[in-house]
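All remarks here apply to the structure that follows.
No value in this document is a laboratory result; all are computed from the given coordinates. Here the structure is a predicted model, which means the values were calculated and not measured. So basically every Cβ, Gly included, is an ideal-geometry build from the backbone, and we count neighbours across all protein chains shown.
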Amino acid sequence: MFSQNTKPKVDVGFTHEDFAALLDKYDYHFSPGDVVAGTVFSLEPRGALIDIGAKTAAYIPIQEMSINRIDAPEEVLQSNETREFFILADENEDGQLTLSIRRIEYMRAWERVRQLQAEDATVRSLVFATNRGGALVRIEGLRGFIPGSHISTRKPKEELVGEELPLKFLEVDEERNRLVLSHRRALVERKMNRLEVGEVVIGTVRGIKPYGAFIDIGGVSGLLHISEISHDHIDMPHSVFNVNDEVKVMIIDLDAERGRISLSTKQLEPEPGDMVKNRQAVFDQAEEMAAKYREKLKEQGTPVASMEITTEEVVEA
């Protein structure tokens, strides 16, 4: 018999296994791709341990702490700091999850550049490197590429490192990790804001191709197509112009979307063929002929069609 002071043992039927199962039932289930809140409780030389409410502390390696290169976890994280983390990988054999901040920054950066592209915004960025094809910049922490054909400067590409350039977006493709920008389009747009169709400008011949001459007008290039040089037939632009010639040209089209300026001397000829026979007369009477051209545009009420050139021609320029 039990004494009055002794209570019988009660078998509640609750084992360690039952307790573990109960923990699992009420434990949070984490999956790669989730964004969770976590608190930093241990900084290590090449990473940090993060409490996200899992049974085992999660780990974030230093290379996943920022979209930019860092040398120490303390540059990004502080002890007891609470912030968002991206679950990068499922539990390892020790039951530990791998986290990332870089992935969150990466996703938000693409979201921002997509918005900037939708707004057709002009951004500015420092060139941090160049290669055979062009120049490299960072936009919102993402690596962007400027093709050589879209760099408008007389400097060699190598001398652009450290220089800040205005840029427009050409391609924003997160899936292919392609961010392509244009310096030329940004300059042309800025210049276009101060130019008008029918305006006469003074430029310098910078390149001559079989299809026309490229004229520098205040830092941007316009195309004087061979069909817009003269009313007379011209076999080759070389027969009329030399590189570094100073010329008066009239703007006949401004295509901001493609960053192209189309020019004409043909419309400035007092008499058909004067660009071949009497170029000085064309330049002397350029403003007068341009005024007549603008009047004709007003009467017609239609814009002048731009001279179409291919991407290959732009690259060659």
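Numbers below:
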quantity: Cα-based helix-to-principal-axis angle, 183-192 vs the chain, degrees rounded to 10; calculated: 50 degrees
quantity: Loop-located trypsin sites (Lys or Arg not before Pro) in region 254-290, at most 14 other Cβ atoms within 10 Å (DSSP); calculated: Arg258
quantity: Zone residues, region 242-285, relative to Glu159, backbone N less than 19 Å from point 7 Å out along Cα-to-Cβ; calculated: 244
quantity: Nitroxide proxy distance, nm - points 7 Å out along Cα→Cβ at Glu84 and Glu288; calculated: 6.8 nm
quantity: Length-normalised contact order of region 33-100 in % [C-alpha pairs under 8 Å, at least 6 apart]; calculated: 37 percent
quantity: Positive minus negative residues near Ser42 (Lys, Arg vs Asp, Glu; Cβ under 14 Å); calculated: -3
quantity: Three-way shape call for region 174-218 based on the alpha-carbon gyration tensor, with the a/c threshold at 1.5; calculated: oblate
quantity: Between 0 and 90°, nearest 10: helix 16-26 axis offset from the chain longest Cα axis; calculated: 30 degrees
quantity: Relative contact order computed over the chain (Cα-Cα under 8 Å; 6+ residues apart), in percent; calculated: 10 percent
quantity: Charge dipole (debye, nearest 20) of region 38-138; +1 at Cβ of Lys and Arg, -1 at Cβ of Asp and Glu; calculated: 600 debye
quantity: Viscosity 1.306 mPa s, temperature 10 °C, Stokes-Einstein D of region 117-187 from Kirkwood C-alpha radius, µm²/s; calculated: 133 µm²/s
quantity: Charge sum, other residues only, whose C-beta stays under 10 Å from Lys266's C-beta, Lys/Arg counted +1 and Asp/Glu -1; calculated: -4
quantity: Cα centroid of region 252-283 to Cα centroid of region 33-98, whole Å; calculated: 64 Å
quantity: Acute angle (nearest 10 degrees) that the helix 286-300 long axis makes with the longest principal axis of the chain, alpha-carbon atoms; calculated: 70 degrees
quantity: Pair-distance profile P(r), taking every C-alpha pair of region 33-100, with 5 angstrom steps and integer %; calculated: 4, 19, 32, 28, 13, 4, 0
quantity: Lys, Arg +1 and Asp, Glu -1 on Cβ, resulting dipole of region 117-187 about Cα centre, debye, nearest 20; calculated: 340 debye
quantity: Summed side-chain charge close to Met236 - residues other than Met236 whose Cβ falls under 15 Å, Lys, Arg +1, Asp, Glu -1; calculated: -3
quantity: Rel. contact order, % - alpha carbon contacts under 8 angstrom, at least six apart, region 195-316; calculated: 25 percent
quantity: Principal semi-axes in Å for the chain [√(5λ), Cα gyration tensor, largest first]; calculated: 70, 19, 14
quantity: Listed residues Ile252, Ala286, Thr98: farthest to the positive end of the dipole of the chain (Cβ charges); calculated: Ala286
quantity: The chain - mean residue ellipticity at 222 nm from DSSP helices (-39,500 (n - 2.57) per run, n ≥ 4, rounded to 500); calculated: -6500 deg cm²/dmol
quantity: Net dipole in debye of the chain [+1 Lys, Arg Cβ; -1 Asp, Glu Cβ; about Cα centre; nearest 20]; calculated: 500 debye
quantity: Rg/Rh (Cα only; Kirkwood hydrodynamic radius) as it applies to region 195-316; calculated: 0.93
quantity: Longest DSSP-loop-exposure-free segment, chymotrypsin sites (Phe, Trp or Tyr not before Pro), the chain, at most 11 other Cβ within 10 Å; calculated: 29-317
quantity: Within the chain, longest stretch free of exposed GluC sites (Glu not before Pro) [DSSP loop, at most 16 other beta carbons within 10 Å]; calculated: 1-80
quantity: Separation of alpha-carbon centers, region 195-237 and region 111-159, rounded to whole Å; calculated: 27 Å
